[in-house]
Amino acid sequence: FPEDSRQRTAMLNAGEEYSANLIVNGNCADGVKPAVAHNADTVLNVSYFMGRSWLEVTSTTNTSGRGPEWEITDGDQIIQLRSRPVKFACLIQSSVTQRLSLGITLYDGNGQIGSPIYCGTVTCQAGELTSYSELISLSSYDLGNVVRIGISLTNQTTQDMGKVLITDVSLRLKPIEAERLAGDFAISTPRQLGANSPVSQIVYNGKVWS
């Protein structure tokens with residue numbers, strides 16, 4: 001794995017006991033759902049690789065915003081996301097080198113609320129497996145009227161994205177007692193940023209990690 005991914009995954013997993021996975025079927029054992037296409041040019045299928053199921057992501061045209069989006073619609077889970085940090089994690093294999101952006105889209109009864117909130121990036125090297133984790137917080141956002149939350153991994157450029165395989169997708173609530181790590185981590189709050197801007201940082205051992 002790339003060095004930054006190994007370091008981040010090790011830091012976020014050290015001694016932690018997170019909630020059950022809020023994303024059902026994160027390994028695509030039962031098809032692509034709850035993943036949906038983030039834009040009209042995204043094509044999702046199930047692929048089999050290394051003896052397991054993967055979400056296969058391709059595109060018909062090189063537009064910005066191609067990628068999958070996993071939907072959270074359970075009201076109780078949305079309420080919990082108002083006040084508790086959450087960790088997104090997955091395993092990725094890309095046929096081309098590219099950077100994918102982790103985004104959050106909020107929806108109310110009338111549809112999408114504003115623009116996606118970008119809160120992390122991962123650089124995938126062609127042909128390599130990448131383990132990606134990101135700890136995020138939605139506490140500064142008004143989720144009062146939100147009925148659906150979309151968690152997306154998208155290519156924000158117009159370059160060819162090739163074929164991307166994703167599996168072991170999870171979204172887990174950080175335990176309440178995990179504030180004991182407050183001295184080690186500064187949790188990134190999602191921010192709306194440009195497509196090519198650095199989007200998240202973690203402070204660890206007195207250093208800032210992006």
| remark: In order over segment 88-97: 3J(HN,Hα) from phi, Karplus 6.51/-1.76/1.60, θ = phi - 60°, whole Hz, x for each Gly or Pro, gives 9, 8, 6, 10, 10, 9, 10, 7, 10, 6
| query | Under the definition of Cα pairs under 8 Å and six or more residues apart, what whole-number percent is the relative contact order of segment 68-161? | reply | 45 percent
| task | In whole Hz, with x marking every Gly and Pro, tabulate ³J(HN,Hα) for segment 26-41 from phi via Karplus 6.51 cos²θ - 1.76 cosθ + 1.60, θ = phi - 60°. | result | x, 10, 6, 5, 10, x, 7, 4, x, 6, 10, 6, 6, 9, 5, 8
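Rule-based calculations on the coordinates, nothing more; no lab input. As the structure is a computational prediction, the values presented were derived from the model and not from experiment.
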